[in-house]
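Undergrad: Here's a structure for you.
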Amino acid sequence: MTRAPSATQQAIEAVWRIEAARLVSALAGLVSDVGLAEDLAQDALVAALEQWPESGVPDNPGAWLMAVAHRRGVDTIRRAVLLRRKVELLGRELPAHEAPMDEIELESHVDDAVLRLMFTACHPVLSAEARVALALKVVAGLSTEEIARAFRVKTTTMAARITRAKKTLAEARVPFEVPVGDALADRLGSVLDTVLLVFNEGYTATAGASWARADLCQEAMRLGRMLTSLAPREPEAHAVVALMEIQASRLPARTGPSGEIVTLDEQDRGRWDRLLITHGLGALDRVEELGGTGPYALQARIAACHARAPSADATDWERIASLYEVLATSYPSPIVELNRAVAVAMAHGPAAGLALADTLVDVPAMRSYHLLPSVRGDLLARLGRSAEARAEFARAASLTANAAERAHLLARVMDA
């Protein structure tokens, strides 16, 4: 394989990040097999790595990748049809028609195919964890290592889980479609979970040099809006959109000129996207009209408290802490409890927040979660316990795979 020059390699990687989900989605509609679709997309990527260094990046790289993958997909189908014909001839049963390719309806709306891929990956034939893992792999384009970190499991374990999920979908002949009626309701929860996980990976990347990936946030918000059209009376669908849009409004203010992290209390709120906030609050109004009380409705209300505060000092931390208490009681999780500890610290002082955070130290799922020592370090620093704070920030830095976040935490070690 020709080794791509650095500039071309970066261009290919950028194109792949943008086009991978759409490419896999369209191919899955063609071949009705998520695993095969991903293989065909990877084949197109290999072709780009081989050819673009010599020919240059094409004017429409996404269309180039689609054409290559589509051609190979058609070849695959033709080989399968030919094999079937030979088997039928051996059984002296001739095929009823001579042009099987005429029956294949090619996907012309690639964006819609992404949503169909999401529903396919979230089919009930898979376990809840397998659904989310597969969707993150084929829709968000996350690496197996990144997904494994999100689930706190070994990479080999996650690779095997994703492989089994693809095989299960193929064996069950799951249709590549957006379901309707009860089938839509059965899968909607998993799809909403996955859309928000895609957004969260974009909002705070688990690995890499940049703290955020705006392209993933945009794609998640697009999918979320489509879901509210499919299920207009489902409050949690509107809540996910509200939560994502309010959070995304802060993206311009979350990093400085050199990509350094700017924490919430130090952000210039004049850089927040007021249009996204308006849209997000409008979606939250719809949640209230529908009587939403689910976990995403609660999280959207928390996000709205920040959006409505004219400054960090004016934030209603009492309300945020009370909302987290309801969330922790109704939908308990150690992550929610850690967020509650932060809110309680802001509302009632760092000692109260630290007491809550300390209860999570021995929770197995939190032992490798870098935000726990990060939060503890911040609270210890506010209490004047500098040596302990430095140790916590150092531990947090050692646990994150994101370069920007590591640099931020190491700076906190020096400042504590």
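The values are calculated or read from the model by the stated rules, or taken from the named source; none is laboratory data. Quantities reported herein were computed from a predicted structural model and do not represent experimental measurements. Please note: Cβ atoms are built from the backbone with ideal geometry, for glycine as well, and neighbour counts cover all protein chains shown.
Undergrad: Just name the residue that is farthest from residue 326 (Cα to Cα) out of those in the range 276-311 that are exposed (fewer than 15 other Cβ atoms within 10 Å of the Cβ) and of a type in the set (Gly, Ala, Ser).
TA: Filtering the range 276-311 for residues that are exposed (fewer than 15 other Cβ atoms within 10 Å of the Cβ) and of a type in the set (Gly, Ala, Ser), the one farthest from residue 326 (Cα to Cα) comes out as 311.
Undergrad: Out of (1) assigned to a helix (DSSP H, G or I); (2) in contact with a Ser or Thr (Cβ under 8 Å, 6 or more places away or on another chain); (3) not charged (D, E, K, R), what's the single condition that is false for residue 212?
TA: Unmet for residue 212, out of (1) assigned to a helix (DSSP H, G or I); (2) in contact with a Ser or Thr (Cβ under 8 Å, 6 or more places away or on another chain); (3) not charged (D, E, K, R): (1).
Undergrad: Exactly one of these conditions fails for residue 332: (1) closer than 24 Å to residue 149 by Cα; (2) surrounded by 18 or more Cβ atoms within 10 Å (Cβ to Cβ); (3) within 26 Å of the chain's Cα centre (by Cα); (4) not hydroxyl-bearing (Ser, Thr, Tyr). Give me its number.
TA: Among (1) closer than 24 Å to residue 149 by Cα; (2) surrounded by 18 or more Cβ atoms within 10 Å (Cβ to Cβ); (3) within 26 Å of the chain's Cα centre (by Cα); (4) not hydroxyl-bearing (Ser, Thr, Tyr), residue 332 violates only (2).
Residues are listed down the side, and each one gets a yes or a no for (1) among the hydrophobic types (A, V, I, L, M, F, W, C); (2) closer than 15 Å to residue 286 by Cα; (3) in contact (Cβ under 8 Å) with a residue 24 or more places away in the chain:
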{"residue": "231", "(1), (2), (3)": "yes, yes, yes"}
{"residue": "240", "(1), (2), (3)": "yes, yes, yes"}
{"residue": "245", "(1), (2), (3)": "no, yes, yes"}
{"residue": "248", "(1), (2), (3)": "yes, no, yes"}
{"residue": "255", "(1), (2), (3)": "no, no, yes"}
{"residue": "258", "(1), (2), (3)": "no, no, no"}
{"residue": "261", "(1), (2), (3)": "yes, no, yes"}
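Undergrad: Would you be able to say whether some residue in the range 238-252 is part of a loop (DSSP other than H, G, I, E, B) and either farther than 30 Å from residue 116 by Cβ or hydrophobic (A, V, I, L, M, F, W, C) (or both)? Quick ask: steps written out before the conclusion?
TA: Initially, the range 238-252 is screened for residues part of a loop (DSSP other than H, G, I, E, B), giving 249-250.
The next check asks that each one be either farther than 30 Å from residue 116 by Cβ or hydrophobic (A, V, I, L, M, F, W, C) (or both); those that pass are 250.
Yes, there is a match, as at least one residue in the range 238-252 is part of a loop (DSSP other than H, G, I, E, B) and either farther than 30 Å from residue 116 by Cβ or hydrophobic (A, V, I, L, M, F, W, C) (or both).
Undergrad: Yes or no: residue 240 crowded, with 17+ Cβ neighbours inside 10 Å, touching a His at 6+ places or on another chain (Cβ under 7 Å), modelled with pLDDT of 95 or more and closer than 23 Å to residue 336 by Cα? Break it down stepwise before answering.
TA: Values: crowded, with 17+ Cβ neighbours inside 10 Å: yes; touching a His at 6+ places or on another chain (Cβ under 7 Å): no; modelled with pLDDT of 95 or more: yes; closer than 23 Å to residue 336 by Cα: yes.
Here the answer is no, as residue 240 does not meet what is asked.
Undergrad: Answer yes or no as to whether residue 232 is of a type outside the set (Gly, Ala, Ser) and at pLDDT below 95.
TA: Taking the combined requirement at face value, the residue satisfies it.
Undergrad: Further question: Among the residues of the range 44-55, is there at least one that is part of a loop (DSSP other than H, G, I, E, B) and in contact with a helix residue (DSSP H, G or I) (Cβ under 6 Å, 6 or more places away or on another chain)? Step through it out loud before you land on a result.
TA: Going residue by residue through the range 44-55, those that are part of a loop (DSSP other than H, G, I, E, B) are none.
Within the range 44-55, none of the residues are part of a loop (DSSP other than H, G, I, E, B) and in contact with a helix residue (DSSP H, G or I) (Cβ under 6 Å, 6 or more places away or on another chain).
Undergrad: Still on this structure, I have one more. Just checking, does the range 127-137 include any residue being modelled with pLDDT of 85 or more, within 19 Å of the chain's Cα centre (by Cα) and not in a helix (DSSP H, G or I)?
TA: Scanning the range 127-137 turns up at least one residue that is modelled with pLDDT of 85 or more, within 19 Å of the chain's Cα centre (by Cα) and not in a helix (DSSP H, G or I).
Undergrad: Now for a different question. Inside the range 174-189, can you point out the residues that are of a type in the set (D, E, K, R), in contact (Cβ under 8 Å) with a residue 40 or more places away in the chain and more than 22 Å from residue 129 (Cβ to Cβ)?
TA: Hit for the range 174-189 is 177, nothing else.
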